[in-house]
1. Cβ-Cβ distance below 6 Å, separation of 6 or more or different chains: which pairs start in the stretch A:197-217 with a residue that is more than 7 Å from every other protein chain (Cβ to nearest Cβ) and end on one that is among the β-branched types (V, I, T) and not in a loop (DSSP other than H, G, I, E, B)?
2. With in contact with a strand residue (DSSP E or B) (Cβ under 9 Å, 6 or more places away or on another chain) and within 14 Å of chain A (Cβ to nearest Cβ) as the only criterion, which of B:A111, B:A193 stands out?
3. Out of the residues in the stretch A:90-120 meeting the condition of being charged (D, E, K, R) and farther than 26 Å from A:G40 by Cβ, tell me which one is surrounded by the fewest Cβ atoms within 10 Å (Cβ to Cβ).
4. Taking the stretch D:43-67 on its own, how many of its residues are under 19 Å from D:P249 (Cα atoms), touching a strand residue (DSSP E or B) at 6+ places or on another chain (Cβ under 8 Å) and within 16 Å of ligand 6 (Cβ to nearest atom)?
5. Of the conditions (1) more than 14 Å from chain A (Cβ to nearest Cβ); (2) crowded, with 24+ Cβ neighbours inside 10 Å, B:V87 fails just one. Which one is it?
6. Return yes or no: is B:V247 assigned to a loop (DSSP other than H, G, I, E, B), crowded, with 24+ Cβ neighbours inside 10 Å and among the hydrophobic types (A, V, I, L, M, F, W, C)?
7. Given the options D:I188, D:I212, D:I223, name the one that is at the interface with chain B (Cβ under 7 Å from one of its Cβ atoms), at pLDDT 95 or above and more than 16 Å from ligand 5 (Cβ to nearest atom).
8. With the requirement that a residue be part of a loop (DSSP other than H, G, I, E, B) and more than 13 Å from the chain's Cα centre (by Cα), what does the stretch A:12-24 give you?
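The values are calculated or read from the model by the stated rules, or taken from the named source; none is laboratory data. It should be emphasised that the depicted structure is a prediction, and the values quoted were computed from it without experimental measurement. Cβ placement follows ideal geometry from the backbone for every residue including glycine, while neighbour counts extend to all protein chains displayed.
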Amino acid sequence: MPSLSGDVGGLRLENPLILAAGILGTTGASMRRVALAGAGAVVTKSIGVEPRDGHPGPTVVRLGVGLINAMGLPNPSYRVFQEEIDVAREGGVPVVASIFGSSPEEFAEIASALDADGFELNLSCPHAEGYGMEIGCDPANVEEITRAVRRAVSVPVWVKLTPNVTDIRVLGIAAQRGGADAVVAINTLKAMAIDVESGYPILGNVIGGLSGPAIKPVALRCVYELSGALEIPVIGVGGVSCWQDAVEMIMAGAAGVQIGTALMGGLEVIGEITNGISRFLDRKGWSLDDIRGIARRRGSSASSKEYPLSASSTTSKSFDEGETHKEVL
Amino acid sequence: MPSLSGDVGGLRLENPLILAAGILGTTGASMRRVALAGAGAVVTKSIGVEPRDGHPGPTVVRLGVGLINAMGLPNPSYRVFQEEIDVAREGGVPVVASIFGSSPEEFAEIASALDADGFELNLSCPHAEGYGMEIGCDPANVEEITRAVRRAVSVPVWVKLTPNVTDIRVLGIAAQRGGADAVVAINTLKAMAIDVESGYPILGNVIGGLSGPAIKPVALRCVYELSGALEIPVIGVGGVSCWQDAVEMIMAGAAGVQIGTALMGGLEVIGEITNGISRFLDRKGWSLDDIRGIARRRGSSASSKEYPLSASSTTSKSFDEGETHKEVL
Amino acid sequence: MRFRPANLVIKDVVRETAYVSTIRFDRSLDPTPGQYIMVWVRGVDEIPMSFSAPDSITVHAVGDATRALCALRPGESVGIRGPFGNGFRLTGERILLIGGGVGVAPLAFLGEDVKTRGIEVTSLIGFRCREDIIFLDRFRRLGDVILTTDDGSAGIEGRASAGLSEIDLNDYDQIYMCGPEMMMIDIIKRCREHASRIQASINRYFKCAVGICGSCCLDPEGIRVCVEGPVITGDRLLESEFGRYRRGPSGMRESCY
Amino acid sequence: MRFRPANLVIKDVVRETAYVSTIRFDRSLDPTPGQYIMVWVRGVDEIPMSFSAPDSITVHAVGDATRALCALRPGESVGIRGPFGNGFRLTGERILLIGGGVGVAPLAFLGEDVKTRGIEVTSLIGFRCREDIIFLDRFRRLGDVILTTDDGSAGIEGRASAGLSEIDLNDYDQIYMCGPEMMMIDIIKRCREHASRIQASINRYFKCAVGICGSCCLDPEGIRVCVEGPVITGDRLLESEFGRYRRGPSGMRESCY
Ligand SMILES: Cc1cc2nc3c(=O)[nH]c(=O)nc-3n(C[C@H](O)[C@H](O)[C@H](O)COP(=O)(O)OP(=O)(O)OC[C@H]3O[C@@H](n4cnc5c(N)ncnc54)[C@H](O)[C@@H]3O)c2cc1C
Ligand SMILES: Cc1cc2nc3c(=O)[nH]c(=O)nc-3n(C[C@H](O)[C@H](O)[C@H](O)COP(=O)(O)OP(=O)(O)OC[C@H]3O[C@@H](n4cnc5c(N)ncnc54)[C@H](O)[C@@H]3O)c2cc1C
Ligand SMILES: Cc1cc2nc3c(=O)[nH]c(=O)nc-3n(C[C@H](O)[C@H](O)[C@H](O)COP(=O)(O)O)c2cc1C
Ligand SMILES: Cc1cc2nc3c(=O)[nH]c(=O)nc-3n(C[C@H](O)[C@H](O)[C@H](O)COP(=O)(O)O)c2cc1C
Ligand code: FES
Ligand code: FES
C-alpha cells in the first residue's frame, strides 16, 4: 500500500484526511474517537472569547443534497477548552484549534491562551453576527488577523476562507501575506430553506450555511483557483463523502482534505476514504505527490488542444463499478 | 382551482413558471414546445453580437446533486435570431430575449434590434471571458448596462444576477437604480469537476456553473435577501424541480419562478409543478399573494420569540407523503 | 427518505397535571419505544421529545419551547424530524420498568408495545407528589405497579429507589429506565451487578440530532447520544460522565440534576 | 445511476479504411442498437458516436476529435457518457437495412442483434468507392446484400438509392436507415408511402446529450434528438427540417450535406 503520510500545512500527518471544524468537535472525547477512527488530524469546534449557547433550533435542515446549519458558534469559551484539547490529543494525531473572534486582538488572545498543535482561524462562518465571514470577506481583515495570530503562536496557522465572495483568491493572498501556513477552503455557502406547510424559514436563525455533496463542485473550484494562486498549501473541504471526492480535491491541488457532513453517515467513512485513496493509488501506481494538482497540468493541455495523454494503462475492469462516485448523502 | 395568473416583472403571465435562459432556448420551435407544455413565459438562450460556437466538450457534467455546465454562450448572434423569437411567440406566451454583451453599447445594440416581449440581461454567466459575471460583479456596470437597455426599449427589462458575490443585494440595488423592471436570481455557481481516472478537469472549459437541486438553498437565500432589499420584483431561479421548490421560492418573495435543469427529466415537470402549486393553494385556501414573501413575516417572529402562529388548520392527512420534497435529480 | 420537518397536526392535548400535557398527533409515526423526535415549535425552538405512544408525546412544561408546545391547541401543527435514535431493545420474557416523573412516558409506550407479545411487565414509578402522578392506569393495566412519591402523598414515601426493596431484580430479564439523571444513576449504582441488563433512556443537549454537531457526546467514549442513544446500557453509563456532569448548549460542563 | 464519464480502456483499434477505424473497448456497455455514447477524447472534445457493436464504435476521422480518437492505441482510454438515446425499435419479421458510409456501423450491430432472434435481414449499403467499403462481411453473414459505390468500383454504380430497384420495399416490415442526410432524405422521399415504416438514425449537433441545452432540436416540433432520437421515423422526418437545413454549434442554420 502506498504511503499517505506527509506534510500538510506544517503538520506531519499519517494521512491527509482531517476532521473539519464544528463537526463532533465540542468535546475532547469525541475528537479522540474520531482520531482513533483513522483521521490524520482533528480540528476543534470554533472557540471564542465568551461562552455562547448558539442559535435557537432548528439548527440544521437535512436535504437530499446536503445540510444547512446555523449552529451560531456555540462554544464554552477558550477558558475551559484546554482540557478538551488535551483529551483529544490522546487520539495520537495533531489537534488543531479552530478559533474565532471579532478583532485581531481577540484572535490573538485565544491563540496565546491555548496549547494546540495548530490553529485554524474561522474567518468564514456565514451565520454569526460580527464574526466569521462578516469580517472574513475583507482581505485587509484577513491579513491583519492572520498576522496577529502568526505573531502570537509558533505552531502552524491555517486560515479558513469563505466561498461567499467574488474571488476567493484575494482572501487567500491576504492570508498568505499575513503569514498563514495554509488556507482551508471552503466554509459553507450562505443558504436557507422554508417550510412550505407553514411559511416559516426552517432555521431558527433563518439563514445558515450549506454543506455536503451540494457544495463539493464549488469547493473543488475554490481549491483549484487557490492552489493556482498561492505558494502556501491549500486544504480542501466541502462535500467530501467518498474516496473519489478526496482524490478530486487532491487533484485540484489540495495538500489535505477535511471531512464534515459525511460523518453523519458514521465514523466508518473515514477508514473507507483513506483505504479508498490507498487502493486507488496502488491500482494506478501513483503517489499522492503524483496526483496533487494534476488537474491543472491536464487542464492546460485541454485549451492548447494537444493530443491527449493516456489516462491509464490499466484495464477498466479493475475499476469496480460499485465504486462509482457517491454523489448524494 | 385558484388562479395562478398575475403580473411578473411587467408581464402578465397565466402562471408564474418561466423557462430559464439557455435551456431548450436555441430554436424557436423548442421554445414554442415548452410554452405549449404549460410555461407561463419563456426566456431564450442568451444572444450576443457575433455568432459563437461555445466551449469544446464536455460542456456538461451530470452529478447526483445537479449539473455543471460550461456551454460558453453559443449563439447564432442577434442578427439571425428574430425568426426564432417569432416562432417561439406562436406558443402564446411572452417571449423574453436573454441577451449578453461586453458593454452598454453592445447590450443596447442587441435590444434595439430585437422585437421581444421583454429582455433579460445576462450579467451573470460564470464561464465566458469578458461577458456575464465578469462584468456583472461590478454594480456600476450593472447599473449602466441596465440603464442603456432601459433607454433603448419600451418592454420590461429584467436583470439576471450572479450569486458569486459577497452581497447580491448590492447588484440588485444597482439594477433597480438603472431602471430594471425585475431582477432574476440566480445564475449558476462557479464550480468544477475532475475525472479521477485521468486527472483531467471534465469540462472543456475547466470551470463551469453549477445548477440544479444543489443550488436551490443558495438561490432561495438570494431571493429572500433581494426581495427584502428591493422595490422591484424578484424572479427566482435555481434548482426548482418540484412544486414545493416553487412554493418555497414564492414564500421567499419571488414574483415568478424560472425552471432550467429540472427539464432534463422531461417537459412534463412544468405541468406537474403548476398543478402542484394550484392543489397546494387550494388545500390551504391561500392565494399566490397570500404566500408571497410569507417567510419574511414568519421569520421576524422567530427572533422575537413570540408564540407561534398556527401553521395550518387542515389535517396533515391531506398532505400526501408521496409529495415530499424531491431533493435530488 | 423524508429529510425536512414533516408537518404534524395536533389532534388533541390532554392535560395530565398542572405542568404535563400529552399531545396526540393525527397520525402515528411508527416509532420504536424509546425513540424520539425533534419537535419544532415554529417561531420558538426545536426540542427532543420521546414518544409516549406511537402518535403522542408527553411534555413537561419547563421552559419556552415546552410551554409553547403545551399551549398549542388541536388543529394547530408542529414540524417534526425523526423518529430518531436507537430505542429500547426488547429482550427476555419478564421485564421491569423504572420511571420517574415525565420519564415514565416512554416506558408506558414500551410496556404497552411488549404486552402484545405476551411479555410480563412490572413497573416501579416515582413522582414528587400525588398531583404529579401520570399514566398510573396505563401501568396498572400492564401488570404489578410499585408507586412512590417523594412526599409520601401516594404509594411508598421516597424516591423511586425506595421501591426497590419490594422486588427482586433477579426476577427480571431486562430493566428499562427513564427519569431524572440522579435518580437513574443512583439506582444503577445500587444494583451494579445488574447494570448490563439495564437500558436507560438518557437526556443530553441535542442540537442537530443527526450525529454531527457533537453537542450530545458522552464522555469518555464520545458516544453520540442523539444517534447511538438515547438508550444506553447501565454498564456503559457507569463508566461515563453520567450522574457526574453533563454539558449545556455551549458545550460547557454543568452539574446534572 | 452512473452520472460522470466512465473510464473505458481501449482493447484494440482496427483500421477499416484510410479514414475509418473501429475502436473496441474492454467491456460492453450493454446498448440497444441505435443508441450512442458521448465519447470524451480527453484534452480535445466530446463527441457523439453510435455503437457498431455492444463494445465498439466505428469512427470516421473528419476533424480534431475523430482524428484524435482514431490515433488512440490499445491500453489508452476515453471517458464516456451513456448509452443515450432511444435506439432502433425492433418490429416485424423481415427487415431491410439501408446504410451509407460510416452510417452502416449501427446497422451492422442492429442486424447481428436481431439475427439471433430469427429475423430475416436484407442490406442495402453504399460507399463512395471500393476502398471505403466497411463491414461487407458482417452484412453478408446476415443475409442478402446489395452493394453500391458512387464510382462503380464495386457493386452497383451510384448512390445507395440506385440499389432500391433491386428490391421490393413491400417485402419488408421495417426499414432501418443510417447514413448521410441527403442520402436518407432522398430515399425517404422516393418511398413516401413507406415512410412510417422507416426508422432513421440521424445526426444533429449534440452538446449536452441530456435534453436540456437545445442544441439538437429539430424543427418544427422541437424534437430533442439527443434524447428522443437519434432514431426518428421517416414520416416525422418528412415533416421536419431534415434534408433542408441543420444547425451548427452556434445554433446557426446550415445546409445539410
Ligand atoms: C432524548 C430526549 C427525550 C426527551 N423526552 C422528553 C419527554 O418525553 N418529555 C419532556 O417533557 N421532556 C423530554 N425531554 C427534555 C426536553 O427536551 C427539554 O425539557 C426541553 O428541551 C426543554 O426546552 P424548553 O425550551 O422548554 O426549556 P429551556 O428553558 O430551553 O431548557 C430547560 C432545560 O431543558 C434542557 N434542554 C433544553 N433544550 C434542550 C435540547 N435541545 N436538548 C436536550 N435538553 C434540552 C436543558 O437541560 C435546559 O436546562 C427529552 C430530552 C431528550 C434529550
Ligand atoms: C447520434 C450520432 C451518432 C454518430 N455516430 C457516429 C459514428 O458512429 N461514427 C462516426 O464517425 N461519426 C458519428 N457521428 C458523427 C460524429 O459525432 C462527428 O463526426 C464528430 O462529432 C466530428 O467531430 P470532430 O471534432 O472530429 O470534427 P469537427 O471538425 O469538430 O466537426 C466535423 C463535423 O462533425 C459534426 N460534429 C462535430 N461535433 C459534433 C457534435 N458534438 N455533435 C454532432 N455533430 C458534430 C459537425 O457537423 C461538423 O461540421 C455521430 C453523430 C451523432 C449525432
Ligand atoms: C453542523 C456544522 C457545524 C459547523 N461548525 C463550524 C465551525 O464551528 N467552524 C468552522 O470553521 N466551520 C464549521 N462548519 C463548516 C465545516 O467545517 C465545513 O467547512 C463545511 O461543513 C463543509 O464541509 P462538509 O461538506 O464536509 O461538511 C460547520 C459545519 C456544520 C455542518
Ligand atoms: C445548460 C445550461 C445553459 C444555460 N445557459 C444560460 C444562458 O445562456 N444564459 C443565462 O442567463 N443562464 C443560463 N443558464 C443558467 C440558467 O438559466 C439558470 O440560471 C441556472 O441553471 C439555475 O437554474 P436551474 O437550477 O433551474 O437550472 C444555463 C444553465 C444551464 C444548465
Ligand atoms: S445532537 Fe448533534 S451530535 Fe448529537
Ligand atoms: S444536445 Fe443538448 S438538448 Fe440535445
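1. Taking only residues 6 or more apart or on different chains, the pairs are A:G208/A:I68; A:S211/A:T261; A:G212/A:T261.
2. Exactly one residue qualifies, and that residue is B:A193.
3. Checking each candidate, the answer is A:E105.
4. 5
5. In the conditions (1) more than 14 Å from chain A (Cβ to nearest Cβ); (2) crowded, with 24+ Cβ neighbours inside 10 Å, B:V87 misses (2) alone.
6. no
7. Step by step, each of D:I188, D:I212, D:I223 is checked, and only D:I212 is at the interface with chain B (Cβ under 7 Å from one of its Cβ atoms), at pLDDT 95 or above and more than 16 Å from ligand 5 (Cβ to nearest atom).
8. If we filter the stretch A:12-24 for residues that are part of a loop (DSSP other than H, G, I, E, B), which is where we start, we get A:14-16, A:20-24.
Scanning the stretch A:12-24 gives A:E14, A:N15, A:L24.
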